Protein chains: 2
Amino acid sequence: MRDYVNEPHEIEKKSFEIIGRELGGIKFPEETDSIVKRVIHTTADFEYARLIEFKNNAVARGLNALKAGKHIYADTGMIKAAVNNRALAMQHIDVLNFVHDDDVIAEAKKRGVTRSTVAMEKAVNREDVSIFAIGNAPTALYRLIDLIKDGAPKPDLIVGAPIGFVGAAESKAALDELDPYDIPYIRINGRKGGSPVVGAILNAMLYKLGRDW
Amino acid sequence: MRDYVNEPHEIEKKSFEIIGRELGGIKFPEETDSIVKRVIHTTADFEYARLIEFKNNAVARGLNALKAGKHIYADTGMIKAAVNNRALAMQHIDVLNFVHDDDVIAEAKKRGVTRSTVAMEKAVNREDVSIFAIGNAPTALYRLIDLIKDGAPKPDLIVGAPIGFVGAAESKAALDELDPYDIPYIRINGRKGGSPVVGAILNAMLYKLGRDW
């Protein structure tokens with residue numbers, strides 16, 4: 001028999017111990033600590049400790065939205081796959097994605113814009129959605145920023161984490177344009193990010209509301 | 001209007017140019033070049049250039065299996081979400097995952113092992129599956145290695161990329177035990193890896209067989 005840890009909770013516990021140890025003297029505020037560590041846990045990449053940024057009381061305000069059962073709009077199907085279904089069900093929350101909807105595809109083609117752009121417009125118009133989680137498309141994040149500047153309802157949380165070499169870092173930097181609007185957001189600065197990182201952030205927040213497994 | 005690149009092919013082309021430039025003098029063999037670069041493209045993490053390892057003619061032999069329409073067994077739903085559906089459809093390939101199957105759940109509980117372990121046993125018994133892609137569960141990879149040593153049919157390709165702090169690196173190192181069996185594999189050494197990395201490797205290989213978009 002091989003000698004390895006088989007039990008998911010045990011693996012998670014040991015992993016967080018290792019992460020805490022290897023972070024050495026680096027300490028995070030209590031409300032962000034489990035979020036930063038879960039991102040490192042998901043990526044095995046300690047660089048996220050300095051890339052992640054929390055603005056405008058993002059954790060507390062995001063948690064209130066999750067407690068209220070507000071749905072999450074995600075720009076990729078991978079985010080939906082990454083968020084824990086049991087944790088979502090406990091709060092009666094859905095993760096929505098509209099980029100494959102027929103009406104979105106048709107309108108994007110007609111207007112010559114990305115599906116992510118049109119899908120974001122559709123999401124912003126939903127009263128039951130107030131959390132926006134973007135792991136891939138700079139155009140989704142740009143569109144969200146512009147819609148808010150144009151008077152769209154203020155989100156309770158934006159997770160801004162498009163990954164990539166072209167436009168991703170710039171789209172996240174553009175969140176600065178929302179400074180006058182007091183929008184809570186969690187951002188991954190630079191090129192890194194992606195759907196698993198977004199999933200880790202959302203899971204860490206959901207787990208703060210309770211975990212029955 | 002914001003000034004950004006909107007067209008996915010253009011973004012991809014520019015991204016690969018940036019990656020090539022920032023890799024500087026580092027060159028990869030022609031058959032692995034697009035795979036390594038797509039992993040970097042997906043993760044925005046150049047460390048993968050030195051973490052990825054190709055053994056036993058993995059690319060050519062894996063491509064032959066893909067061309068023959070062999071299905072892919074993946075240990076996570078996120079891998080299924082990460083692999084390009086159009087590219088799979090062109091080769092009539094499915095990505096399968098059994099960890100949520102009722103029979104797998106029941107048997108794992110009965111035997112006190114992980115679902116990933118039992119799901120891997122189910123996958124190995126399928127004649128139409130010869131590619132095994134593991135992005136999360138060390139137990140899935142360990143079970144696959146042991147089944148092969150016990151006489152299971154030889155896979156055409158293993159993508160060994162569990163990510164994490166407990167058991168992941170060790171499970172990938174255990175692929176060394178397959179040295180006498182001439183099994184083609186692509187491995188991410190160390191802690192890093194994960195479903196998006198596995199998706200990037202599989203997509204890069206599928207794109208070598210043609211891309212109609």
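Listing for the model above:
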| read-out | value |
| --- | --- |
| Enumeration of residues in the stretch B:159-170 that are aliphatic (A, V, I, L, M) and more than 16 Å from B:L51 (Cα to Cα) | B:V166 |
| Selection status of A:G199, within 13 Å of the chain's Cα centre (by Cα) and in a helix (DSSP H, G or I) | yes |
| Where A:G135 falls short, out of the listed (1) more than 14 Å from chain B (Cβ to nearest Cβ); (2) in contact with a strand residue (DSSP E or B) (Cβ under 8 Å, 6 or more places away or on another chain) | (1) |
| Residue identified as basic (K, R) and closer than 19 Å to A:E170 by Cβ among A:R115, A:R143 | A:R143 |
| Count of residues meeting criterion [facing chain B (nearest Cβ under 10 Å) and either in a helix (DSSP H, G or I) or open to solvent by 40 Å² or more (accessible area, probe 1.4 Å) (or both)] in the stretch A:22-45 | 5 |
| Selected residue (criterion: most open to solvent (accessible area, probe 1.4 Å)) from residues of the stretch A:131-171 that are of a type in the set (D, E, K, R) and over 24 Å from A:I93 (Cβ atoms) | A:D150 |
| Residues that are touching a Phe, Trp or Tyr at 6+ places or on another chain (Cβ under 8 Å), within 23 Å of B:R38 (Cα to Cα) and facing another protein chain (nearest Cβ under 10 Å), drawn from the stretch B:161-187 | none |
| Subset of the stretch B:53-92 [in contact with a strand residue (DSSP E or B) (Cβ under 6 Å, 6 or more places away or on another chain) and more than 12 Å from chain A (Cβ to nearest Cβ)] | B:E53, B:F54, B:K55, B:A58, B:G62, B:A65, B:K70, B:H71, B:I72, B:Y73, B:D75 |
| Helices (runs of 4 or more DSSP H) enclosed by the stretch B:74-169 - at least 2 residues per element that are within 20 Å of A:H9 (Cβ to Cβ) and within 16 Å of the chain's Cα centre (by Cα) | B:138-149 |
| Yes/no for B:A89 being surrounded by fewer than 20 Cβ atoms within 10 Å (Cβ to Cβ), over 20 Å from A:F165 (Cα atoms) and among the aliphatic types (A, V, I, L, M) | yes |
| A:D146 vs. criteria more than 11 Å from chain B (Cβ to nearest Cβ) and charged (D, E, K, R) | no |
| The one condition in (1) surrounded by 15 or more Cβ atoms within 10 Å (Cβ to Cβ); (2) at pLDDT 95 or above; (3) under 26 Å from A:A200 (Cβ atoms) that B:L63 fails to fulfil | (3) |
| Matching residues, the stretch B:59-73, being out of contact with any helix residue (DSSP H, G or I) (no Cβ under 8 Å at 6 or more places or on another chain) and either under 17 Å from B:P162 (Cβ atoms) or outside any helix (DSSP H, G or I) (or both) | B:A68, B:G69, B:K70, B:H71 |
| Of the criteria (1) under 21 Å from A:G199 (Cβ atoms); (2) outside any helix (DSSP H, G or I); (3) not basic (K, R), which one A:L175 fails | (2) |
| Within the stretch B:1-17, tally of residues that are open to solvent by less than 70 Å² (accessible area, probe 1.4 Å) and over 28 Å from B:G62 (Cα atoms) | 3 |
| Number of positions in the stretch A:100-117 that are within 12 Å of another protein chain (Cβ to nearest Cβ) and open to solvent by less than 90 Å² (accessible area, probe 1.4 Å) | 6 |
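Each row is one residue, and each column tells you yes or no for (1) touching a His at 6+ places or on another chain (Cβ under 7 Å); (2) aliphatic (A, V, I, L, M).
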site: A:Y4; (1), (2): no, no
site: A:K13; (1), (2): no, no
site: A:F16; (1), (2): yes, no
site: A:K27; (1), (2): no, no
site: A:S34; (1), (2): no, no
site: A:I40; (1), (2): no, yes
site: A:A49; (1), (2): no, yes
site: A:L63; (1), (2): no, yes
site: A:M90; (1), (2): no, yes
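The values are calculated or read from the model by the stated rules, or taken from the named source; none is laboratory data. Just so it is clear, the structure is predicted and the values come from calculations on it, not from any experiment. Heads up, the Cβs are rebuilt from the backbone with ideal geometry, glycines too, and the neighbour counts pull from every protein chain shown. Heavy atoms of the whole protein, side chains included, go into the accessibility calculation; ligands, DNA and RNA do not. Shrake-Rupley method; radii C 1.70, N 1.55, O 1.52, S 1.80 Å.
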